[in-house]
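A.B. asks: Structure provided below as structure tokens; questions to follow.
The values are calculated or read from the model by the stated rules, or taken from the named source; none is laboratory data. No experiment lies behind these values; they were computed from the predicted model shown. Here the Cβ is made from the backbone with ideal geometry for all residues, glycine too, and neighbour counts use every protein chain on show. The area values use the complete protein model at the heavy-atom level, side chains included, leaving out ligands, DNA and RNA. Shrake-Rupley method; radii C 1.70, N 1.55, O 1.52, S 1.80 Å.
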Amino acid sequence: MNREVKIIDMANIVKRYYIGQPNELEILHGISLEIFEGEFVSIVGASGSGKSTLMNIIGLLDRPTEGSYYLNGQDTMETKDKDLSKIRNKKIGFVFQNFNLIPRISALGNVALPMMYGKVSSKERNERAMNLLKVVDMEDRASHNPNELSGGQKQRVAIARAMANDPDIILADEPTGALDTKTGRNVMDIFHRLNEERGKTIVLITHNTELAEETGRILTMTDGRIEVANGNT
Ligand SMILES: Nc1ncnc2c1ncn2[C@@H]1O[C@H](COP(=O)(O)OP(=O)(O)OP(=O)(O)O)[C@@H](O)[C@H]1O
Ligand SMILES: [Mg+2]
């Protein structure tokens, strides 16, 4: 990890949707954002301000309409979709508000699944998945299906899954939104640990200002723009 390295480097990102011409809807109005390796950054802002839209672009799930985006020094605007998928799978782990676990497979299976893209034997996949379940203190529920887990347990499994390919970046969109305060606290502690002990760069979207204040830097989105605070954007 090198805190001098810009892992995410965006400039003038615009996102427009075309909802039947000539009405176009501009959602992001020119966002510039730099995130350094090992940072823990939160994004706050009102509903509809564009947080998830920005997160999807950061996570290579969606492309901006205009602007430049370098991920780890690579120009993503000049990268083919197929190659972006590979980069996404290797470098980025996602955690969502509603967990998005696959129903009829075990916790262990859910964590092992993203490893399928790599050249790893099934035995090694299962070993690695079990180790990740240990990291989130879920090894005793490895054989449970998602519907046999509590919300907090599901989210811990989802975090283990996000770690499956040892990504550099974890993107979490309202990961505590569906959890009570205590369970959300536990999930937040896991993020802190992954950041501090494993050097993961974490971008967290949250409506919870107390949780945001625990992170190294808060970005506030207002109507498709990032507000300038403390000289940072
Ligand atoms: N595919 C789409 N087509 C048209 N408009 C869209 C599309 N996706 C999102 N939007 C619009 O973009 C705006 C920003 O949405 P976004 O989901 O990024 O907000 P958000 O900040 O994540 O809100 P929340 O806190 O409620 O999750 C909203 O007005 C939404 O209606
Ligand atoms: Mg959202």
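A.B. asks: Taking region 84-104 only, how many residues are open to solvent by 60 Å² or more (accessible area, probe 1.4 Å) and over 12 Å from the mean Cα position of the chain (by Cα)?
C.D. replies: Selection size over region 84-104: 7.
A.B. asks: Ok, one more. Picking from Pro146, Pro103, Pro167, Pro64, which residue would you name as being touching a helix residue (DSSP H, G or I) at 6+ places or on another chain (Cβ under 8 Å) and within 21 Å of Leu28 (Cβ to Cβ)?
C.D. replies: Step by step, each of Pro146, Pro103, Pro167, Pro64 is checked, and only Pro64 is touching a helix residue (DSSP H, G or I) at 6+ places or on another chain (Cβ under 8 Å) and within 21 Å of Leu28 (Cβ to Cβ).
A.B. asks: Hey, can you tell me all the residues within region 128-148 that are surrounded by fewer than 17 Cβ atoms within 10 Å (Cβ to Cβ) and of a type in the set (D, E, K, R)?
C.D. replies: Answer for region 128-148, where residues must be surrounded by fewer than 17 Cβ atoms within 10 Å (Cβ to Cβ) and of a type in the set (D, E, K, R): Lys134, Asp137, Glu139, Asp140, Glu148.
A.B. asks: Go through (1) more than 17 Å from the chain's Cα centre (by Cα); (2) modelled with pLDDT of 95 or more; (3) within 16 Å of ligand 1 (Cβ to nearest atom); (4) in a strand (DSSP E or B) and name the single condition Ser32 misses.
C.D. replies: (3)
Results for (1) touching a residue at least 60 places away in the same chain (Cβ under 8 Å); (2) within 15 Å of ligand 2 (Cβ to nearest atom); (3) not in a loop (DSSP other than H, G, I, E, B), shown as yes or no for each residue.
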residue: Gly48; (1), (2), (3): no, yes, no
residue: Ser52; (1), (2), (3): yes, yes, yes
residue: Asn56; (1), (2), (3): no, yes, yes
residue: Leu61; (1), (2), (3): no, yes, no
residue: Ser68; (1), (2), (3): no, no, yes
residue: Arg88; (1), (2), (3): no, no, yes
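A.B. asks: Taking into account only those residues within region 185-217 that are within 16 Å of ligand 1 (Cβ to nearest atom) and farther than 19 Å from Glu37 by Cβ, which is most open to solvent (accessible area, probe 1.4 Å)?
C.D. replies: Per the stated criteria, the residue is His207.
A.B. asks: Of all residues being touching a helix residue (DSSP H, G or I) at 6+ places or on another chain (Cβ under 7 Å) and among the hydrophobic types (A, V, I, L, M, F, W, C) in region 11-56, which is surrounded by the most Cβ atoms within 10 Å (Cβ to Cβ)? Just the residue, please.
C.D. replies: Ile43
A.B. asks: Continuing with the same structure: Just to be sure, is Glu39 at pLDDT 95 or above, more than 30 Å from Ser150 (Cα to Cα) and more than 16 Å from ligand 1 (Cβ to nearest atom)?
C.D. replies: So Glu39 does not fit the description; no.
A.B. asks: Any idea how many residues of region 105-127 are charged (D, E, K, R) and crowded, with 20+ Cβ neighbours inside 10 Å?
C.D. replies: Final tally of qualifying residues: 1.
A.B. asks: Taking the stated definitions as given, is Ile8 farther than 21 Å from Glu214 by Cβ and in contact with a helix residue (DSSP H, G or I) (Cβ under 7 Å, 6 or more places away or on another chain)?
C.D. replies: When the stated conditions are applied, Ile8 does not pass them.
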